[in-house]
Structures are given as C-alpha cells and as structure tokens.
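Below is one structure, written out as structure tokens, with a few remarks after it.
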Amino acid sequence: RAARALEGACVLLTAGPTREPLDPVRFLSNRSSGQMGFALAAALRELGASVVMIAGPTALPTPPSVERIDVETALEMYLAVMTRVADCDVFVATAAVADYRPVNVAEHKIKKHADEFTLHLVRNPDILGEVAALTASPFTVGFAAETDHVIDYARAKLQHKQLNMIAANQVGGAQGGFECTDNALTVIWDDGQCELPMQPKSQLARQLAQCIAERYQIYHAS
Ligand code: C5P
C-alpha cells in the first residue's frame, strides 16, 4: 500500500449549511447540501488523517472512521470549532455558514398580522477568519463560491483572511456548485494555483485532498 500523505495529521473540517432560528418552527438557511464537505472528509480520512467534522443539518451519512459533531447554528459551529482547533494541524472550512442570524428568537410561533414584517439580523462570527487569525493557527483552507471574478475575489480572500489555501468555484448558471453532484475548482495558494476540472464531487474531493496534503507537507517541512 502506498504511504498515506496525511498519516498522523489531525484535520478539523466544517460542512453543510447552518440554520438560524426565528421561532420554534422557522429558520433562515441556504442551499448547501453538505456533499462537498462530507466527500472531502472521506477523502482526507483515506489519506490517513484523523478527521473531526463539525456538520450543520444534512441528510448525509457519516463517512467511515470520521468523527462527526452535529450542530445547527453558526454560533454552535463556531463554539464547536474553537474548542477543538488547538488539537488540529489542518482546518478546512467547507460549511456554508449563514452570515447573519435573527437578533431575537421568538419563544412562541410568530403569528401573521401586518402586511409587512421586518427581520432584524446581526452578523455571525467568521469562523474561518477567526481560525486563520489565531497566533498558533493550523494550516487553513477556505472555500470561495462566487458568481463572477472568481479567481480575483478568491486570491483577495486568501490574502485578506491570511489563509494557506482557497478552493474557488463559480456558482450560478450551469457551473455546478450548490445542489449539484458535479463541480470544478481552482485551488489557489500564495505562489501557485491548479485547476481541478468538472467531475463528480466525490472524485473532485479526492483531487482536492491530494492537493491539500501536498501543500500541507511543504508548509509543515518549512
Ligand atoms: O467570506 P466568505 O463567506 O465568502 O468566505 C467563505 C469561506 O469562509 C468558506 O470557507 C466558509 O466555510 C467560511 N466561512 C466561515 N464562517 C462564516 C462565513 C464563512 O467559516 N461566518
């Protein structure tokens, strides 16, 4: 058997959407299926890493030998990540975290009265940004889903958030992304990039895991 590139490394990964409750029966969320994150957790595990996955609500089964922690909200995901980040070597943020949450969660179901209803929202913590900003930050990998100027925005995000790597993809139209089984990625780091062509997310995740392992080994050795 070939030597496994991430043997001995610990990976912490976020996956899926988050849900931000409005009242006991309603929430704000997004179209993330969690497929890419779950496939990447499986692929990183196949390379020998021990993988802890913090997952928002999805219908997907846990990949073999992956430790899974289920959360609902962005704040829960943030706390779950922050209590475990000190033990990890690599952090991968695939989750589609809600940028905002309702300021107040109603104790009882909100009833309809007026013709207009205004929601008051507040920013959620940027989990990826906070991890990358830690003094002893792990090797940090983010995602960037954009509808246009994909590479420019992703490279700016890499620098601005001080990431080690970012995986960028075009969303919208026939480009793949959310709710699709196929996707393509451009993987970007400080002095290079590579293209992973359109293919099923399970295969794409294996290529991305290889790419993360290669860059992590170079980073780890320096
Ligand atoms: O800034 P933007 O939301 O486009 O960045 C996307 C990347 O940041 C993804 O890797 C996502 O998992 C991560 N993120 C996060 N916490 C947030 C928002 C995004 O970890 N609150």
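Quick notes on this one:
- In this Cβ point-charge picture (+1 for Lys and Arg, -1 for Asp and Glu), the chain has a dipole of about 360 debye about its Cα centre.
- Of the peptides 148-155, 35-42, the order by per-residue mean of other Cβ atoms within 10 Å, starting with the highest, comes out as 35-42, 148-155.
- In degrees, nearest ten, helix 35-46 long axis to first principal axis of the chain (Cα): 30
- Cα-based helix-to-principal-axis angle, 74-84 vs the chain, degrees rounded to 10: 40
- Angstrom value of the Kirkwood radius, inverse mean 1/r, which spans all Cα pairs in the chain: 18.1
- Taking the C-alpha atoms of segment 1-77, convex hull volume expressed per residue in Å³: 86
- Simple spin-label estimate for A156 and R123 gives 1.6 nm between the two label positions (7 Å along the Cα-to-Cβ direction from each Cα).
- Overall form of segment 71-191 per C-alpha gyration tensor (a/c, 1.5; a/b vs b/c): oblate
- Nearby aspartates and glutamates by direct alpha-carbon distance to K111 (threshold 12 angstrom, same-chain neighbours under 8 apart not counted): D23
- Taking a straight line from the alpha carbon of K201, not one of the lysines sits under 18 Å away once near neighbours fewer than eight places off in the same chain are left out.
- Calculated over segment 64-129: convex hull of Cα atoms, volume per residue (Å³): 146
- Here the spin labels are modelled as points 7 Å beyond Cα on the Cα-Cβ line, and at E7 and Q193 they lie 3.5 nm apart.
- Carbon + sulfur, % of accessible area of segment 10-221 - ligands and nucleic acids excluded, 1.4 Å: 51
- 1.4 Å probe accessible area per residue over segment 10-221, in Å²: 52
- Angle in degrees between helix 201-221 and the longest Cα principal axis of the chain, rounded to the nearest 10: 60
- Measuring nothing but how far apart in sequence close Cα pairs (under 8 Å, 6+ apart) lie, relative to its length, the chain scores a relative contact order of 20 percent.
The values are calculated or read from the model by the stated rules, or taken from the named source; none is laboratory data. Remember, it's a predicted structure, so these values are computed and weren't measured experimentally. All Cβ positions, even for glycine, are placed from backbone atoms using ideal geometry, and neighbour counts span all protein chains on display. The accessibility values were calculated without ligands, DNA or RNA, using every heavy atom of the protein model including side chains. Shrake-Rupley method; radii C 1.70, N 1.55, O 1.52, S 1.80 Å.
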